[in-house]
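Bear in mind these aren't lab numbers, they're just calculated from the coordinates by the rules spelled out. Predicted model, so just to flag it, every value in this text is computed and none were measured. With ideal geometry, Cβ positions are generated from the backbone for all residues, glycine too; neighbour counts draw on all protein chains shown.
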Amino acid sequence: QVQLQESGGGVAQAGDSLRLSCVASGHPLPLTNYFMGWFRQAPGKERDFIAAVNWNFPATYYADSVKGRFTVSKDNAKNTLYLQMNSLMPEDTAVYYCAGGIGIYSTSKYDSWGQGTQVTVSS
């Protein structure tokens, strides 16, 4: 099992920026057909897809709600995934999770999850 640990969450004001990090450890990551992504879950809401990368190819994927504001990136040598969040809005408030798996958009395609990091954006 791959262990994932998020960091970088906190309290921000609308318009501010935060950068989340996710470090993978444990089992080595697969060489092909593997994705690492970000999801978020607000109280009483579903866990929704935010952004993802193909770990072995230069491909990225974004939810419409964060396009132009969030940027996902990776450092393969450090087994680290990042989410740069700019122009934060109150509706971005949620627990943010990183995940690894064989799919892109659905939680069901990911079998490794971090414990989450809280992001709170005030108006």
Query - Per-region count, region 63-111, residues within 12 Å of Phe39 (Cα to Cα), of a type in the set (D, E, K, R) and under 12 Å from the mean Cα position of the chain (by Cα) - result: 0
Report task. Name the residue, out of Gly26, Gly44, that is on the phi > 0 side of the Ramachandran plot and touching a residue at least 24 places away in the same chain (Cβ under 8 Å). Result -> Gly26
Report summary line: By residue number, the members of region 2-52 that are touching a Cys at 6+ places or on another chain (Cβ under 6 Å) and charged (D, E, K, R) are Glu6
